[in-house]
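Read through the structure below, which is laid out as structure tokens, and then see the notes.
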Protein chains: 2
Amino acid sequence: MQYPEPIAKLIDSYTKLPGIGIKTATRLAFYTIDMPEEDVTSFAQSLISAKRDLHFCSICGNLTETDPCVICSDNSRDQSTVLVVAEVKDLMAIENTGEYKALYHVLHGVLSPLEGKGPDDINIESLVNRLQKDDTIQEVIVATNANAEGEATAMYLSRLLKPAGLKVSRLATGLSVGSDIDYADQITLIKAVEGRTQL
Amino acid sequence: MQYPEPIAKLIDSYTKLPGIGIKTATRLAFYTIDMPEEDVTSFAQSLISAKRDLHFCSICGNLTETDPCVICSDNSRDQSTVLVVAEVKDLMAIENTGEYKALYHVLHGVLSPLEGKGPDDINIESLVNRLQKDDTIQEVIVATNANAEGEATAMYLSRLLKPAGLKVSRLATGLSVGSDIDYADQITLIKAVEGRTQL
């Protein structure tokens, strides 16, 4: 016997989300049925709205309702620096520190030979075009993840952009604030010693 | 800085689901934006439909689109036995074995003094009414979970229904099929010895 169709469809929809198998999907579907009507309606509306009303900023690739996005259209920001991130989530993480007050560029991915992702599959061409058109940009900070793919992407961008006379930098690698030296992995320790700062 | 409103709302909706915190909700929301348009639309529709089109069967409490449900309206089933479960999921688990061909009753909960759930908070009154009205029912099988609350609910139902001359039984407790004796917990082993079957 199958579940009644409405709940079978809902279970099916939940299983399409990442990391959610049939057991969790069933639990979520039954939970949904017990949720207040207005919560379910607003859930459905926000699904539709997130898909319909959000676009990528034509300048930086950020997720936005307006084009250009609020960051690109904010003239009070330092227009000479562009921080390059892989995903919109990374942009938000840096933006939420409240310390960085310049521009961004979202690649929507990193170079990954294993997944067959080359320079043409991520948002690099628009970055190059942007840098060619806009003379005020002096520095590019590459803020990709500190793993093999992130490093490879940073190296690629560095080689691509440095010949144009731009300053290209990378986020520092080292100990996380609050962490213990004896719990840190060897490569992090090596990088932390290499990148030591003068007191 | 906040996420654009459509995605902030979607993240908020996801966090209302059980076991989903802000980090997972953010991941799911970004995943949703990359999903095909038709999958998102059908997800939203199935949310609305599950809430709108599903009701509880007025006889047994099963989730159903029609009333009475397909099980209660199936006359080929044995009408003399009612299997009592706590949740619709338990009904489906037993139904999917394909071996049980009689009726069900869903309590929508178990007795739980810790959560303040007494006999009036679960679907017991409708079970009693059903048994009083329907003379063909001879046996009630209590299939609540094999934990303290499930046992308490079974004991309560047994004391309530036995005086009316009904046969009340409980699912067997013992070793799971395929399990190792030396991995079984003590209480399961005691129950398995007590409930031994003649070969």
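Please treat every number below as a calculation from the coordinates, not as lab data. Not measured: the values here are computed from a predicted model. Cβ placement follows ideal geometry from the backbone for every residue including glycine, while neighbour counts extend to all protein chains displayed.
Where the label is 7 Å out from Cα toward Cβ, how close does B:GLY116 come to the same position in every other copy, in nm, shortest first? For B:GLY116, the other copies' label points sit at 5.8 nm, shortest first. For peptide B:29-38, the mean count of partner chain Cβ atoms within 10 Å of a residue's Cβ comes to 4. Per the Cα gyration tensor, the stretch B:64-144 maps to an equivalent ellipsoid with semi-axes of 22, 15, 12 Å, ordered largest to smallest. Sorted shortest first, the separations between the B:ASN96 label point and its copies elsewhere in the assembly read 3.6 nm; each point sits 7 Å from Cα along the Cα-to-Cβ line.
When only alpha carbons are used to place a centre, the stretch B:1-26 and the stretch B:107-129 end up 34 Å from one another.
Take A:GLU139, push a point 7 Å out from Cα through the beta-carbon direction, and compare it with the same point in every other copy: 8.0 nm, smallest first.
Since only A:LEU107, A:LEU47, A:MET92 are under comparison, the one whose Cα sits farthest along the positive direction of the charge dipole of the stretch A:31-120, derived from C-beta charges on Lys, Arg, Asp and Glu, is A:LEU107. So what's the angle, to the nearest 10 degrees on a 0 to 90 scale, between helix A:124-133 and the longest Cα principal axis of chain A? Between helix and principal axis, roughly 50 degrees. The distance linking the stretch A:149-171 with the stretch A:69-89 is 18 Å (Cα centroid to Cα centroid, whole angstrom).
For a modelled paramagnetic label at B:GLU37, 7 Å from Cα along Cα-to-Cβ, the residues of the stretch A:53-78 in reach, with backbone nitrogen under 17 Å, are A:53-56.
Computed from point charges on the beta carbon alone (+1 for Lys and Arg, -1 for Asp and Glu), the dipole magnitude for chain B about its Cα centre is near 440 Debye.
How big is the shadow of the Cα convex hull of the stretch B:5-53, averaged over all directions, in nm²?
Projected area, direction-averaged: 3.7 nm².
Using a cutoff of 8 angstrom between alpha carbon atoms and counting only pairs six or more residues apart, the relative contact order for chain A works out to 13 percent.
With all projection directions averaged, the alpha carbon convex hull of the stretch A:103-199 covers 8.3 nm².
Report, in listed order, any pair from B:LYS89/B:LYS162; A:LYS9/A:LYS89; A:LYS133/A:LYS167; A:LYS16/A:LYS117; A:LYS9/B:LYS117; A:LYS51/A:LYS117 with a Cα-Cα distance greater than 20 Å.
B:LYS89/B:LYS162; A:LYS9/A:LYS89; A:LYS16/A:LYS117; A:LYS9/B:LYS117; A:LYS51/A:LYS117
Ordered from longest to shortest, the equivalent ellipsoid semi-axes for the stretch B:48-108 are 19, 13, 10 Å, each the square root of 5 times a Cα gyration tensor eigenvalue.
Across the alpha-carbon set of the protein assembly as shown, the Rg to Rh ratio works out to 1.14, Rh being the Kirkwood radius.
Considering the rotation that superimposes chain A on chain B, the residue of A whose beta-carbon lies nearest the axis, and that distance in Å, is A:ALA44, 2.
Rg and Dmax over the alpha-carbon atoms of chain B stand at 21.7, 71 Å.
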